Amino acid sequence: MHATATPNGPDRPRNPLLPWRWALHWQILLGLVLGIGVGALLAQSALSASAQAGDKTQAASRVQDGTLYLVLQLLGDLFLNGLKLIVIPIITTSIILAVAGLGRSDAFRRLGLKTLAYYMATSLIAILIGLALVNLIAPGHVPGEATLFGDTQAASFTSEAAAVEGRTTGKTASDFLDVFRKMVPPNVVAAANEGNFIGLIIVSMLVGYFATRLMPEKHDMFLGFVEAVYDITLAITHLVLRLAPIGVFGLIAATVAVQVAKLAPDDRVHELAWGIGKFAGTVLLALGLHFFVVMPLILCFVARVNPIRHYVAMGPAIMTAFSTSSSSSTLPVTMECVEERAGVSRKTTSFVLPLGATVNMDGTALFECVAAIFICQAFGIDLSVGQQFMIVVVALLTSVGVAGVPSASIVAIVVILRSVEEQLKAQGMGDIPLVAVGVPVIFAVDRPLDMCRTVVNIFSDSVGAVTIARSEKETGVLAGPPAG
Ligand code: ASP
């Protein structure tokens, strides 16, 4: 199948009064806005009902028990499942085809090195922005002798503490080495099942590379089959994308309803509101600088592409990332947007993006650094330059290994803080419960921040694809003549 008509085909008649005739990104935006509105209304009615019943803390479970919520959740889950269904075949087939297409030539090494260099550089820039702002704003510091997390309220996040414990039991400071361990999966089916994408990518690269060494007839037969699976997967992606406005509506409405109903009456969060608000503000400001300043600068001056056009091209992927909080689930949409809407070749898209969704997480790296330092500040601990440098390095490494799923960075923050705890103990400062008390507070308010950092994660991948395509002198990219 060669025809991969976009859901946004150019010959589609437009009618401004019919939303289903709008361009896809406007349809998804409508779903997003309606979802926020419906979610807020649901939360509001659950909050007033539980206030009347005299127990404000019931609001979230009231929302979750409602029929409308269950319908919204179903719509969101169907969309999310559709995306997840595509991810494994799209990663494996696209990487096999990309590597086999690059063949034995230097092209593979060149593309690989460029991709890794871009990913490392932008993640480091993101972390340094976070580091600068968290030191400048110092969201965890409170005036006087008191400390933000020194009181009983911070210690009362017991249900969140249990959830964090469940995700991170047995994780030690050396677990950031897991990323290397995962690179050689002992069982490729189990790797797909467990979402070990880095392992799948390495295996797919090996398959693609050795496919080029097969006898011609076997080579053609095998790659023909892989290409057919890839095309079928893309066709299913188009189908799923048509449902994106409804799926995004369901996901956002359900998330907003639960989050508002959960956080609005939470006295523990209100006690710490000033610190948590400053922390969230610091994260959002840092993410905003990366998204609205660093990324456009790279697009303008390195890729020589019009940033506004790139933001518009990436609209569906940005909104999908925002509503799913998962860069892995967003991958099919990111690939569709970069190839069909931003004009990057399939060769570059299919190599750079699956790798990026797995290893390049600028927003996550930035968040890990800000969160770890914030928690230390909230315990009244001023980290030395050496300790902060260690956090930068571990944030960079762990962001490579973090899975592209909701709240995955919490695990990395635990790994970072356990090593800080060990250092502080060695300095004779005793057992400071950075993980046990600090991380649950972050976890309680994580979802909105996760939505934003996932957007930054996938956007940076797309900018990487465009930048590398331009450096390879591709002419189809949105901006016109090739760079350089
Ligand atoms: N939710 C993020 C992503 O999927 C990972 C994280 O920072 O928790 O990219």
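We did not get these values from a lab; they are worked out from the coordinates using the rules stated. Note that the coordinates shown come from a computational prediction; the quantities given were computed from them, not determined experimentally. Note: ideal-geometry Cβ built from the backbone for every residue, glycine included; neighbour counts use all protein chains shown.
So how do 466-473, 306-313 stack up, highest first, on mean other-Cβ count within 10 Å? If you can, show how the numbers build up before the last one.
Details: 466-473: 21.9, 306-313: 18.0.
Going from most to least packed, we get 466-473, 306-313.
Ala107 versus Met215, label points 7 Å from Cα toward the beta carbon: distance in nm?
2.6 nm
Going from the alpha-carbon gyration tensor of the range 37-83, what semi-axes, largest first and in whole Å, does one get by taking the root of 5 times each eigenvalue?
Values: eigenvalues 126, 19, 10 Å².
Here the semi-axes work out to 25, 10, 7 Å.
So which lysines pass the test for Lys347, namely a Cα distance under 18 Å, with those fewer than 8 places away in the same chain ruled out?
Excluding near neighbours in sequence, the set is Lys114, Lys473.
Cα atoms only: what Rg and Dmax, in Å, come out for the chain?
23.0, 76
At q = 0.16 Å⁻¹, what log₁₀ I(q)/I(0) does the range 56-115 have when each alpha carbon counts as one equal point scatterer in the Debye sum?
So the normalised log intensities work out to -0.68.
So for Arg418, Arg453, fewest C-beta neighbours within 10 Å to most, what's the order?
Final ranking by Cβ density, sparse to dense: Arg418, Arg453.
Working from Cα positions, state the angle (0 to 90°, nearest 10) between the long axis of helix 346-359 and the longest principal axis of the chain.
Helix 346-359 sits roughly 20 degrees off the main axis of the chain.
Compute the acute angle (0 to 90°) between the alpha-carbon long axis of helix 273-289 and the principal axis of greatest extent of the alpha-carbon atoms of the chain; round to the nearest 10°.
20 degrees
For a label point 7 angstrom out from the Cα of Trp20 toward its Cβ, which stretches of the range 231-267 have the backbone nitrogen within less than 16 Å?
239-247
Which whole-Hz couplings ³J(HN,Hα) result when phi for each residue of the range 323-328 is put into the Karplus expression 6.51 cos²θ - 1.76 cosθ + 1.60, θ = phi - 60°, listed in order with x for Gly and Pro?
The phi angles translate into 8, 9, 6, 9, 6, 5 Hz.
I need the peptides 73-85, 344-356 ranked by packing, meaning the mean over residues of other C-beta atoms within 10 angstrom, with the highest value on top.
Working: 73-85: 18.3, 344-356: 25.2.
For the peptides 73-85, 344-356, the packing ranking is 344-356, 73-85.
Can you tell me, using C-alpha contacts under 8 Å and at least 6 residues apart, the relative contact order of the range 403-484 as a whole percent? Please report the intermediate quantities before stating the final value.
Details: 37 pairs, mean separation 17.6, N = 82.
So the answer I get is 21 percent.
Show which aspartates and glutamates lie in cross-link reach of Lys182 when reach means a straight Cα distance below 16 angstrom and same-chain residues fewer than eight apart are skipped.
Straight-line reach from Lys182, under 16 Å: Glu194.
For every helix of n ≥ 4 consecutive DSSP H residues, a contribution of -39,500 (n - 2.57) applies; sum these over the chain, divide by its total residues, and give [θ] at 222 nm rounded to the nearest 500 deg cm²/dmol. Walk me through the numbers on the way to the answer.
Working: 22 runs with 339 residues, N = 484.
Calculated mean residue ellipticity at 222 nm is -23000 deg cm²/dmol.
Set the Förster radius R0 to 56 Å, insert the Cβ-Cβ distance between Gln52 and Phe225 as r into 1/(1 + (r/R0)^6), and round the FRET efficiency to 0.05. Intermediate results must be reported in sequence, preceding the final value.
Working: r = 62 Å, r/R0 = 1.11.
My answer for the efficiency is 0.35.
If you line up the long axis of helix 362-378 against the longest principal axis of the chain, both from Cα atoms, how many degrees apart are they, to the nearest 10?
For helix 362-378, the angle is close to 10 degrees.
Could you tell me what a quarter of the Cα convex hull surface of the range 327-439 works out to, in nm² with one decimal place?
Working: hull surface 30.9 nm².
Mean projected area for the range 327-439: 7.7 nm², to one decimal.
By count of other Cβ within 10 Å, fewest leading, how are Arg304, Arg213 ordered? Spell out each step's value before the answer.
Working: Arg304 17, Arg213 11.
Lowest count first: Arg213, Arg304.
Cα-based Rg of the range 228-304 per 2.2 N^0.38 Å, rounded to two decimals? Could the numbers behind the result be given before it?
Values: Rg = 19.7 Å, N = 77, 2.2 N^0.38 = 11.5 Å.
In units of the 2.2 N^0.38 Å rule of thumb, it is 1.72.
With θ set to phi - 60° and the Karplus curve 6.51 cos²θ - 1.76 cosθ + 1.60, what are the ³J(HN,Hα) couplings of the range 448-464 in order, to the nearest whole Hz, using x for Gly and Pro?
These are the phi-based 3J(HN,Hα) values: x, 6, 4, 4, 6, 6, 5, 4, 5, 4, 6, 5, 4, 4, 5, 5, x Hz.
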